[in-house]
Amino acid sequence: MSPQKREPEGILGNGKVLRHGKINRFVHWIVALSIFSLIFSGFGQMPMYKRYMLVDVPGMAWTGDYALTLTLHYLGAIVLMVVVAFHIFYHLLRREFHIMPRKGDVGESIQIMKAMFTGKDEPPSHKYLAEQRLAYAFIGLSIIGVIVTGMIKVYKNLPGIDLAESTIFWSTTLHNLTAMMIILGIFLHLAAFLVPANRKLIPSMFSGQVDAAYVEHRHSKWWAELVNKGKYKGYSSNRQGTVNSQHRGFPK
Amino acid sequence: MSTLNRRSFFKRTALSGIVGATVLTAGKEVLASPSEIGQVGTLIDLTRCDGCAHEHTPQCVLACRQKNQSRFPEPEKPILDYWPHKNHEDWSAKRELTNRLTPYNWTYVQKVTVPTASTEETDVFVPRRCMHCENPPCAHICPFSACTKTSEGVVVIDDKICFGGAKCRDVCPWGIPARQAGVGLYLHGAPKYAGGGVMYKCDLCIDRLREGKAPACVDACPQQAILYGQKDALLERAKARAQEINGYVYGEKENGGTSTFYVSPVPFESIHQAMVEQVVDGKPGLPAMPVGVGNAMDQANNMAKAAFFAPVAGMVAAAVAAYRTMKGDE
């Protein structure tokens with residue numbers, strides 16, 4: 001196996017910063033796709049598609065087949081579990097913990113939200129804002145919860161396996177609850193883009209890149225780390241100033 | 001009849017984090033406790049059942065209705081339609097029906113006329129009710145775990161939790177559970193838009209079994225056509241009886257195995273065919289007897305190994321990817 005060059009996270013020469021490498025973007029989108037598929041097949045198990053007549057839409061009759069939607073649910077779960085395990089162990093091995101919540105994140109999140117309305121300065125941030133770290137923890141724990149309870153449900157579905165009725169009841173209830181928490185998390189995640197300042201991050205989930213000026217301004221602690229790491233590649237102070245002067249919409 | 005209101009349901013849900021974690025870490029209590037009476041079952045000998053031909057209603061049906069009448073649904077009227085559909089399932093005005101499964105009639109005897117080898121045709125009387133499957137899809141697939149299998153091997157529905165989605169009926173090869181609208185937990189939510197009532201079916205008189213008694217239908221049968229006992233022993237007895245009469249056994253393999261074994265002198269394929277031809281109203285509650293019918297969970301269960309292996313696969317891929325990228329960094 002030949003060593004493969006890692007996509008370098010850091011300041012690029014085009015006025016951009018590489019925020020998410022290919023692996024992170026791949027993980028994000030596969031998790032998103034598998035969770036959307038799981039939500040769809042999961043609601044099929046509630047059951048909803050016969051009741052709300054999705055089965056009557058041409059080409060959608062299959063959504064009323066519980067054995068089929070259950071199989072799709074298992075398939076989505078397998079993909080999700082592979083990727084979640086990959087994500088956890090990949091970053092553990094690489095000792096990358098930028099997104100893990102830190103002490104004081106709740107207070108800092110409140111400060112950031114206040115700044116949004118008052119126009120005051122946001123506190124300087126690392127690679128992720130405090131609220132992003134908290135959102136990650138919320139969604140992450142919900143996903144872990146849905147996986148653990150889902151695994152119990154998969155186990156109890158096997159022939160010859162008899163779990164206690166209380167175990168079955170609680171694993172089912174927690175599975176439903178954590179699934180709702182994920183849906184709430186996705187809703188909040190998307191609602192974050194109602195805030196104009198956050199929209200600058202959207203390109204990073206596609207190309208991996210965000211404007212360097214944005215990073216320098218809003219994620220100044222991370223910016224300082226990147227500069228100190230010597231990742232700076234031909235990004236002149238003059239140009240930096242130019243980008244800064246064009247940079248609008250952030251709390252001063 | 002429901003004592004669990006919406007508030008207490010959500011309270012239970014909110015408490016699930018604490019209690020669930022406790023339950024899940026409680027070691028052996030996670031598994032079903034061994035049954036004090038073992039794995040039980042019934043044997044229905046169709047050579048003995050005559051459907052209580054000289055009586056208005058078979059004794060097993062009467063005994064079942066009498067035993068369970070306090071649990072029959074008393075719906076709140078007016079009953080709302082299942083929006084956006086313009087219908088709902090209401091059997092409350094047809095409580096007297098004893099010739100099909102309804103929320104008010106959990107067993108019935110179906111008479112079919114089938115061809116035989118020796119005579120032109122013969123009448124067969126088949127007592128019908130829940131088969132109490134070994135691997136019940138109705139219980140596994142219930143989104144709220146209102147339907148469960150007890151340690152005795154009996155499948156029961158908790159009428160306090162059931163939302164009446166009727167998925168259990170859809171995945172049951174015999175379509176056994178019967179739905180009544182206007183009762184149950186869903187009334188405390190948005191009854192017009194979500195939920196459909198409560199599902200009802202035979203619970204093999206689980207309370208009687210735990211008191212050391214036989215199900216009411218077994219005790220009531222004047223022909224001793226329904227036998228109750230240890231499942232394994234009954235299966236052996238069913239096979240021996242089938243051999244004795246050169247007959248057939250139903251329920252051993254169907255749906256992955258059940259705890260109800262029918263013995264018949266005529267092939268169940270013929271009985272099934274006759275039952276299919278009898279169903280004319282298109283409404284549930286008149287199950288046929290498909291031979292060798294599969295289990296709705298089979299396809300998903302085939303993927304269980306892959307599901308358990310998935311986290312390991314992710315870890316291995318992470319190790320490889322981390323090694324390659326870190327090596328590339330050097």
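Read-outs: derived from the displayed coordinates by stated rules, not from any lab. Bear in mind that the values here come from a model prediction, so they are computed numbers and not experimental data. Cβ: placed from backbone, ideal geometry, glycine included. Neighbour counts: every protein chain shown.
Odds and ends about this structure:
- At least 15 Å along the helix axis (C-alpha) and Kyte average at least 1.6, DSSP helices within chain A: A:66-93
- With R₀ set to 56 Å, the beta-carbon distance separating residue A:97 from residue B:230 gives a calculated FRET efficiency near 0.45.
- Extension gain, residue B:244 back to residue B:193 (0.36 nm per residue minus Cα-Cα distance, nm): 12.9 nm
- Backbone N under 18 Å from the residue B:111 label point (7 Å along Cα→Cβ), restricted to the stretch B:278-305: B:278-280, B:286-287
- Shown is the FRET efficiency for residue A:68 and residue A:88, computed with R0 = 30 Å from the Cβ-Cβ distance and rounded to the nearest 0.05: 0.45.
- Unit charges at the beta carbon, dipole of chain A: most positive-side option, A:31, A:18, A:146: A:18
- Across the stretch A:1-151, the mean sequence separation of Cα contacts (distance under 8 Å, 6 or more residues apart), normalised by length, yields a relative contact order of 17 percent.
- Among the cysteines of the protein assembly as shown, those with no neighbouring cysteine Cβ under 4.7 Å are B:49, B:52, B:64, B:133, B:162, B:172, B:205, B:221.
- Chain A: relative contact order in percent, alpha carbon pairs under 8 Å with at least 6 residues between: 29
- Summed over all non-identical Cα pairs, the Kirkwood treatment of chain A gives a radius of 20.8 Å.
- Between residue B:87 and residue B:70, the contour length at 0.36 nm per residue exceeds the Cα-Cα span by 3.5 nm.
- A simple charge model with +1 on the Cβ of Lys and Arg, -1 on the Cβ of Asp and Glu and nothing else charged puts the dipole of the protein assembly as shown at about 3120 debye relative to its Cα centre.
- Peptides B:175-181, A:201-207 ranked from most to least packed, by the mean per-residue count of other Cβ atoms within 10 Å: B:175-181, A:201-207.
- Under 14 Å from the residue B:122 label point (7 Å along Cα→beta-carbon), backbone N, the stretch B:220-252: B:242-249
- Label-reachable residues, the stretch B:74-107, where backbone N falls under 14 Å from a point 7 Å from residue B:207's Cα toward its Cβ: none
- Pair-distance distribution P(r) for chain B, from all Cα-Cα distances in 20 Å bins starting at 0: 27, 53, 16, 4, 0 percent.
- Quarter of Cα convex hull surface for the protein assembly as shown, i.e. mean projection, nm²: 33.5
- Given charges at Cβ of Lys, Arg, Asp, Glu: chain A dipole, positive-most of A:194, A:72, A:169: A:194
- Two-site FRET efficiency, residue A:227 against residue B:160, from Cβ-Cβ distance with R₀ of 60 Å, rounded to 0.05: 0.45
- Sequence-distant contacts, meaning Cα pairs under 8 Å at least 6 residues apart, place the relative contact order of the stretch B:35-321 at 24 percent.
- Using the average count of surrounding beta-carbon atoms within 10 Å as a protection proxy, the listed peptides B:52-60, B:150-158 rank, highest first, as B:150-158, B:52-60.
- Neighbour-limited loop hits for chymotrypsin sites (Phe, Trp or Tyr not before Pro), the stretch A:154-194 (at most 12 other Cβ within 10 Å; DSSP other than H, G, I, E, B): none
- In the stretch B:35-321, taking the dipole from charged Cβ atoms about the Cα centre, the farthest positive-side position among B:272, B:246, B:64 is held by B:64.
- Residue pairs exceeding 31 angstrom between C-alpha atoms, taken from B:160/B:283; B:239/B:283; A:103/B:305; A:153/B:86: B:239/B:283; A:103/B:305; A:153/B:86.
- Shown in residue order for the stretch B:199-204 are the 3J(HN,Hα) couplings computed by the Karplus curve 6.51 cos²θ - 1.76 cosθ + 1.60 at θ = phi - 60°: 8, 10, 6, 4, 10, 6 Hz (x for Gly and Pro).
- Nearest 10 degrees, 0 to 90: helix B:231-245 Cα axis against chain B principal axis: 40
- Summarising the label geometry, the points placed 7 Å from Cα in the beta-carbon direction at residue B:316 and residue B:55 lie 6.3 nm from one another.
- Equivalent ellipsoid dimensions for the stretch B:33-106 as semi-axes, Å, which come from the Cα gyration tensor, largest first: 30, 20, 12
- Between the helical axis of B:6-24 and the longest alpha-carbon principal axis of chain B there is an angle of about 70 degrees.
- Computed [θ] at 222 nm, helices only, for the protein assembly as shown once each DSSP H run of length n ≥ 4 contributes -39500 (n - 2.57): -14000 deg cm²/dmol
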